[in-house]
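Colleague: Can you keep this structure in mind? I'll have questions shortly.
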Amino acid sequence: MKIPVYQIDAFSAKAFGGNPAAVCLLSAWLPDELLQSVAVENALPATAYLVPTGDDRYDIRWFTPTRELELCGHATLASGHVVFERLRPELRTVTFASRGGPLHVSSADGRIVLDFPARPAQPCPVPAGIVEALGAAPEQTLHGSSLVAVYASENDVRTMTLDMAAIGRLDAHGVIVTAPGTDADFVSRFFAPNMGVPEDQVTGSAHCALTPYWSARLGKNALHARQLSRRGGELWLEMAGDRVRLAGYAAPFLEGAIEI
């Protein structure tokens, strides 16, 4: 069996930036164990699988090297790029049916735009162990699908001293650190060692929590953000009711076939 595969650097206008994802095109779903094995072999932060179900519709699932994800922004952006640039270039919008509901993706001004559910985080007490994990006490913490730690400056986020083992002991599936930006509205980093991704390069789903927070704090709906990972990434964001629109560029890196 040969499975078409594309490797895309998401949230970057050029290769070797942003967050890499594999996109695999299937004709029907394969056993979960095989999907997980392919993700392990790909050794990328996420592998997306697409099954076409209509003219402009695909089922989608995402796997890291260790587990299946409920939602993955960068691999969805990569999937949109593959649909618009390789599979169905006549389309400008596509709907991905995920286990969490439909995700609408469009192409506009050279960027891929994701329409995702907002995931507002709520203020919470500063958790025990966070200073050991992140090297400094945050100004504020919030909890939702991930723990959010807010710091005073971009430099605090860029230069923090990390203890991945201690981050893994925090009661959260992932930890987002964020602060006001110097040339963007805000910056962030994302850590999920318990999910096999010690530091994610660019995290679309984290911005479903960050966008409501910074929109309310800054008093505006349209935001520009940077993720300060080693590869770095750039996002354009918009609050739209209970939805978040996340836009970014995508850079193709590899196209081929997996043989199993």
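Each value in this text was obtained by applying a stated rule to the coordinates, not by laboratory testing. Treat the numbers as computed from the prediction; the structure is a model and nothing was measured. Glycine also receives a Cβ, built like all others from the backbone with ideal geometry; neighbour counts cover every protein chain displayed.
Colleague: Can you give me the angle between helix 73-82 and the longest principal axis of the chain, using Cα atoms only, in degrees from 0 to 90, rounded to the nearest 10?
Modeller: Helix 73-82 sits at roughly 30 degrees to that axis.
Colleague: Kindly put Ser79, Ser205 in sequence by how many other C-beta atoms sit within 10 Å of each C-beta, fewest to most.
Modeller: Ser205, Ser79
Colleague: Multiplying the sequence separation of Asp183 and Asp109 by 0.36 nm and subtracting their Cα-Cα distance, what value in nm do you get?
Modeller: Between Asp183 and Asp109, full extension yields 24.5 nm more.
Colleague: Moving on. Which value at 222 nm does the chain reach when only helices count, each DSSP H run of 4 or more adding -39,500 (n - 2.57), with the total divided by all residues and rounded to the nearest 500 deg cm²/dmol?
Modeller: -5500 deg cm²/dmol
Colleague: Right, something else. Pick out which of Met160, Met195, Met239 has the largest mean-square fluctuation in a Gaussian network model of the chain, springs linking Cα atoms closer than 10 Å.
Modeller: Met160
Colleague: To the nearest 10 degrees, how steeply does helix 207-218 sit against the main Cα axis of the chain, on a 0 to 90 scale?
Modeller: The angle comes out at about 40 degrees.
Colleague: Additional query: Take Asn221 and Asp163, extend 7 Å from each Cα along the Cα→Cβ direction, and tell me the distance between the two endpoints in nm.
Modeller: 4.4
Colleague: Based on the mean of other beta carbon atoms within 10 Å per residue, what is the order of 141-151, 211-221, 166-176, most packed first?
Modeller: The most tightly packed comes first, giving 141-151, 166-176, 211-221.
Colleague: Sticking with this one: Convert each backbone phi in segment 109-124 into a coupling constant with the Karplus relation 6.51 cos²θ - 1.76 cosθ + 1.60 (shift: θ = phi - 60°), then list the ³J(HN,Hα) values in order as whole Hz, x for Gly and Pro.
Modeller: Couplings: 6, x, 10, 9, 10, 9, 10, 10, x, 5, 10, x, 9, 10, x, 9 Hz.
Colleague: Residue-wise, which Karplus ³J(HN,Hα) couplings in Hz belong to segment 43-60, taking 6.51 cos²θ - 1.76 cosθ + 1.60, θ = phi - 60°, and x for glycine or proline?
Modeller: Karplus values, whole Hz, x for Gly and Pro: 6, 10, x, 8, 10, 9, 10, 10, 10, x, 10, x, 4, 10, 9, 9, 6, 9.
Colleague: Go ahead and run the numbers for FRET between Leu254 and Glu70, Cβ-Cβ distance against an R0 of 25 Å, rounding to 0.05.
Modeller: Working from the Cβ atoms, E equals 0.40.
Colleague: Counting only C-alpha contacts under 8 Å and six or more residues apart, can you give the relative contact order of the chain as a whole percent?
Modeller: Value for the chain: 23 percent.
Colleague: Taking only Cα atoms, what is the 0 to 90° angle, nearest 10, from helix 32-42's long axis to the longest principal axis of the chain?
Modeller: Its long axis makes an angle of about 70 degrees.
Colleague: For Kirkwood radius over Cα pairs in Å, the listed values are (1) 19.4; (2) 18.9; (3) 18.4; which was obtained by calculation from the structure presented?
Modeller: (3)
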